[in-house]
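Student: I have a structure here, written as structure tokens, and I will follow up with some questions on it.
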Amino acid sequence: MTQPPNQPPQGGFGAPQDQPPQGGGFGAPQPPPPPAQPPQAPAQPPQPQPGYGYPQQPGPYAQPGPYGAPAPGAPGPYGQPQQAGPYAPQPGYGYPQQPPQYPGAPGGAPYGGPQPPAGGKKTALIIGAAAAALLVIGGTVYAVTSGGDDDGKKPVAQQSDDGKKSASDAPVNPGDGSGDGGSDPENLNEGRKPGEAKVLWYKTAPDAPGSGADAPGMWITGKTAVKAAYKQLFAYNVGDGNPTWAPITFPQKICSVTPQKSADDKIVVAYMSGVSDRAKCNQLQQVDLATGKKGWSTEVADGALFDSAISVELSVSDKTLMVGRSQSGTAYDLDSGKKLYDKKKYGDACFPTAFAGGTGRLVQVASCNAGGSNAHEEIQELDPATGKVRWTQPVKKGWRVARTYSLEPLVVYLTNESKKAWNISTFTKDGKFRSEVKVNEKFAPQCGWAILERDLQGCQGVAVDADTLYLPTSATSGANEIVAIGLADGKEKWRVKSPADESMSPLTAENGKLIAYVDPSYDAGGQVVSVPTTGGSHPTTKLLQNPAGTAQIENGFYDGAVSWTDGRFYISTTRLSGNDDSKEKLMMAFGK
């Protein structure tokens, strides 16, 4: 995949001092590679690179897990763990796994994710901001310069079609990332083979600073695909790529976005207050994805000492926007921008450090008594509208809540740096421990960089339904597998192998089927496949075969964010290199 500009590594909290980070699967630190061109021929097989979850000693459960003393009625330990593990009310359910190659391990960069093996295409959810770190994943921090003022363009709502147009083999409209459109000198659909999908449209990237720029977020509605890049939001008709509304230009670079849209297609974008070293990520702007109209705007206030809005993390739960700083959070009404409440220090010096939002759920992680004898973290569910705590789950000292793989049901990924261990735990609706993953495997969902903020929702390549967690295994070369794990007991239900000699990762689980994306190779496009979630031998069924003629372009999106929506496959970059000599692609859509 195309890599961002080479920059010196920036170690965050807990960054190893004795040796550089080693390569790994999703969520693992990576050395900073130089910009690369899409492969022209088969790449040399990469050296083995363990993903997170890689065991350090034989057999499962060799390391102490994350739970403390058992609570009445709590499940008993399995595998005879040596010590108790992360949750205070539970017996020891922990997993041995690897050196800091897990999500939450040291090293990292903004908005990007760890790099997959050469020639592979992986996915990443986009996250925010860089500076001194609390929790970091990956290799390098990239400096981004910005400047200039708003160009005065105002968003204009334009009538779009119903989004159901299908592309012909005529030249595709590439645009230029600013809604201008233009001819397609490459004619990406020329030579398309029978059975291959069509390139519905693609967009080249806008200008960016020579040091590069972030391109966070991708939101797909019934009619419009919206993409952020550097200082702008672009909107394209899902069927033909024509602009649905004029680009929105912000005065300074975008520094954070809500990863999910609301049910009525609203998002919030945060942009910098200026270009100086003292600039903060504290300017909020609500946007209606359907019309391109700007809604309310406000400035995020700093918290207490050492709790400024240099970097913020945004999440949406129903009609509540939560803005997370490093030690607190402020909630706003998503429709009006009215401030609802603050989440601040509570109890035994507990400071809110991360939030995750979804339909009807708002989860908070707090760091308590840091540096003290009772140092630990706590998971809480909040009422999104009021901030009232619904339940609290303490985490044993030494364990850190790195990610939420799902909010409904709640699936949490934890790490223990000193033990080089990880744990995946699931919870009931009222916050009680339900199960943990008991599969001794090298899993590899792709998780973005977490700088300053923890970015609880920064992982792709993992899917969850009511009863099952779906995780991809790590593959240093060739095909990998997706493992289905029961949420009731944490045990493996089944696994399915990628239908190609490339890695496969979950996209979503819906209507009794798991939808997955198979990476492109140098001479074959990616695939979207489905797998039945119950019974049988779980063969894959091909839903979409992207054309071989665009494999190099598809493979060239840096840490591509992906979406499968209404029978169309979308991929977009999450980082612009700023190289004026290259024809960077911003976004691409495939369909039948």
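Student: Looking at this structure, is residue 569 surrounded by 20 or more Cβ atoms within 10 Å (Cβ to Cβ) and touching a Leu at 6+ places or on another chain (Cβ under 6 Å)? Even if it seems obvious, please write down each step before you answer.
Tutor: Working: surrounded by 20 or more Cβ atoms within 10 Å (Cβ to Cβ): yes; touching a Leu at 6+ places or on another chain (Cβ under 6 Å): yes.
Answer is yes for this residue.
Student: Name the residues in the stretch 260-301 that are assigned to a loop (DSSP other than H, G, I, E, B) and charged (D, E, K, R), would you?
Tutor: At the first step, the residues of the stretch 260-301 found to be assigned to a loop (DSSP other than H, G, I, E, B) are 260-265, 272-282, 289-293, 300-301.
Answer for the stretch 260-301, where residues must be assigned to a loop (DSSP other than H, G, I, E, B) and charged (D, E, K, R): 261, 264, 265, 277, 278, 280, 293.
Student: Looking at (1) surrounded by 20 or more Cβ atoms within 10 Å (Cβ to Cβ); (2) at pLDDT below 95; (3) within 23 Å of residue 200 (Cβ to Cβ), which is the one condition that is false for residue 475?
Tutor: (3)
Student: Pick from 258, 249, 244: which is surrounded by fewer than 23 Cβ atoms within 10 Å (Cβ to Cβ), among the β-branched types (Val, Ile, Thr) and either farther than 27 Å from residue 297 by Cβ or modelled with pLDDT of 95 or more (or both)?
Tutor: So the residue among 258, 249, 244 that is surrounded by fewer than 23 Cβ atoms within 10 Å (Cβ to Cβ), among the β-branched types (Val, Ile, Thr) and either farther than 27 Å from residue 297 by Cβ or modelled with pLDDT of 95 or more (or both) is 249.
Student: On to the next question. Considering only the stretch 461-472, state which residues are open to solvent by 20 Å² or more (accessible area, probe 1.4 Å) and small (Gly, Ala, Ser).
Tutor: Matches in the stretch 461-472: 466 only.
Student: Quick test of your reading of the structure: residue 372 fulfils all but one of (1) over 18 Å from residue 393 (Cβ atoms); (2) modelled with pLDDT under 95; (3) touching a Leu at 6+ places or on another chain (Cβ under 9 Å). Name the failing condition by number.
Tutor: Only one criterion is unmet by residue 372, namely (3).
Student: Given the conditions (1) touching a residue at least 40 places away in the same chain (Cβ under 8 Å); (2) under 30 Å from residue 426 (Cα atoms); (3) assigned to a loop (DSSP other than H, G, I, E, B), and given that residue 534 satisfies all but one, which numbered condition is not satisfied?
Tutor: (1)
Student: For the stretch 267-279, state whether one or more residues are under 20 Å from residue 232 (Cβ atoms), surrounded by fewer than 17 Cβ atoms within 10 Å (Cβ to Cβ) and hydroxyl-bearing (Ser, Thr, Tyr).
Tutor: No, because not a single residue in the stretch 267-279 is under 20 Å from residue 232 (Cβ atoms), surrounded by fewer than 17 Cβ atoms within 10 Å (Cβ to Cβ) and hydroxyl-bearing (Ser, Thr, Tyr).
Student: Please count how many residues of the stretch 176-197 are at pLDDT 65 or above and either out of contact with any Pro (no Cβ under 9 Å at 6 or more places or on another chain) or open to solvent by less than 40 Å² (accessible area, probe 1.4 Å) (or both). Outline the logic, then answer.
Tutor: Step one: list which residues in the stretch 176-197 are at pLDDT 65 or above, which gives 186-197.
Add one more test, that the residue is either out of contact with any Pro (no Cβ under 9 Å at 6 or more places or on another chain) or open to solvent by less than 40 Å² (accessible area, probe 1.4 Å) (or both), and what stays is 187-189, 194-197.
Residues flagged as at pLDDT 65 or above and either out of contact with any Pro (no Cβ under 9 Å at 6 or more places or on another chain) or open to solvent by less than 40 Å² (accessible area, probe 1.4 Å) (or both) within the stretch 176-197 amount to 7.
Student: While we're here: Considering the stretch 551-564 alone, what residues qualify as being of a type in the set (Val, Ile, Thr) and within 15 Å of residue 227 (Cα to Cα)?
Tutor: As a first pass, look at the stretch 551-564 and keep what is of a type in the set (Val, Ile, Thr): 553, 562.
The answer is 562, and nothing else.
Student: Hey, among the residues in the stretch 198-208 that are of a type in the set (D, E, K, R) and open to solvent by 20 Å² or more (accessible area, probe 1.4 Å), which one's modelled with the highest pLDDT? Break it down stepwise before answering.
Tutor: Our first condition is that a residue be of a type in the set (D, E, K, R); within the stretch 198-208, this holds for 198, 203, 207.
If we keep only those that are open to solvent by 20 Å² or more (accessible area, probe 1.4 Å) too, we end up with 198, 207.
On the way: 198: 96, 207: 89.
Here the answer is 198.
Every residue, every condition in (1) touching a residue at least 40 places away in the same chain (Cβ under 8 Å); (2) of a type in the set (Lys, Arg); (3) in contact with an Asp or Glu (Cβ under 8 Å, 6 or more places away or on another chain), yes or no:
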residue	(1), (2), (3)
259	yes, no, no
266	yes, yes, yes
278	no, yes, no
292	yes, no, no
297	yes, no, no
317	yes, no, no
322	yes, no, no
331	yes, no, yes
340	yes, no, yes
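Student: Could you check how many residues of the stretch 503-516 are part of a loop (DSSP other than H, G, I, E, B) and open to solvent by less than 30 Å² (accessible area, probe 1.4 Å)? Even if it seems obvious, please write down each step before you answer.
Tutor: Initially, the stretch 503-516 is screened for residues part of a loop (DSSP other than H, G, I, E, B), giving 503, 511-512.
Right, trim to open to solvent by less than 30 Å² (accessible area, probe 1.4 Å) and you get 503.
Final tally of qualifying residues: 1.
Student: Could you tell me whether residue 315 is out of contact with any helix residue (DSSP H, G or I) (no Cβ under 6 Å at 6 or more places or on another chain), open to solvent by 40 Å² or more (accessible area, probe 1.4 Å), closer than 19 Å to residue 261 by Cα and not in a loop (DSSP other than H, G, I, E, B)? If you could, list the steps in order and put the result at the bottom.
Tutor: Details: out of contact with any helix residue (DSSP H, G or I) (no Cβ under 6 Å at 6 or more places or on another chain): yes; open to solvent by 40 Å² or more (accessible area, probe 1.4 Å): no; closer than 19 Å to residue 261 by Cα: yes; not in a loop (DSSP other than H, G, I, E, B): yes.
No.
Student: Within the stretch 517-565, restricting attention to residues that are in contact with a Ser or Thr (Cβ under 7 Å, 6 or more places away or on another chain) and aromatic (Phe, Trp, Tyr), which residue is surrounded by the most Cβ atoms within 10 Å (Cβ to Cβ)?
Tutor: 517
Student: For the stretch 486-502, check the following and say yes or no: at least one residue is in contact (Cβ under 8 Å) with a residue 24 or more places away in the chain, touching a Leu at 6+ places or on another chain (Cβ under 7 Å) and not in a strand (DSSP E or B).
Tutor: Yes, some residue in the stretch 486-502 is in contact (Cβ under 8 Å) with a residue 24 or more places away in the chain, touching a Leu at 6+ places or on another chain (Cβ under 7 Å) and not in a strand (DSSP E or B).
Student: Just wondering, is there one or more residues in the stretch 209-218 that are modelled with pLDDT of 95 or more, out of contact with any Leu (no Cβ under 6 Å at 6 or more places or on another chain) and open to solvent by less than 10 Å² (accessible area, probe 1.4 Å)?
Tutor: no
Student: Take the conditions open to solvent by 10 Å² or more (accessible area, probe 1.4 Å), out of contact with any helix residue (DSSP H, G or I) (no Cβ under 7 Å at 6 or more places or on another chain) and among the hydrophobic types (A, V, I, L, M, F, W, C) and apply them to residue 322. Does it pass? If you could, list the steps in order and put the result at the bottom.
Tutor: Details: open to solvent by 10 Å² or more (accessible area, probe 1.4 Å): no; out of contact with any helix residue (DSSP H, G or I) (no Cβ under 7 Å at 6 or more places or on another chain): yes; among the hydrophobic types (A, V, I, L, M, F, W, C): yes.
It is false that residue 322 is open to solvent by 10 Å² or more (accessible area, probe 1.4 Å), out of contact with any helix residue (DSSP H, G or I) (no Cβ under 7 Å at 6 or more places or on another chain) and among the hydrophobic types (A, V, I, L, M, F, W, C).
Student: Right, residue 336: part of a loop (DSSP other than H, G, I, E, B) and either touching a Cys at 6+ places or on another chain (Cβ under 9 Å) or at pLDDT below 95 (or both) or not? Break it down into steps so the answer makes sense when it comes.
Tutor: Working: part of a loop (DSSP other than H, G, I, E, B): yes; either touching a Cys at 6+ places or on another chain (Cβ under 9 Å) or at pLDDT below 95 (or both): no.
In short, no.
The values are calculated or read from the model by the stated rules, or taken from the named source; none is laboratory data. Since this is a predicted model, take the numbers as computed values, not measurements. Using ideal geometry, Cβ is built from the backbone for each residue, glycine included, and neighbour counts are taken over all protein chains shown. Side chains included, ligands, DNA and RNA excluded: accessible areas come from the protein's heavy atoms. Shrake-Rupley method; radii C 1.70, N 1.55, O 1.52, S 1.80 Å.
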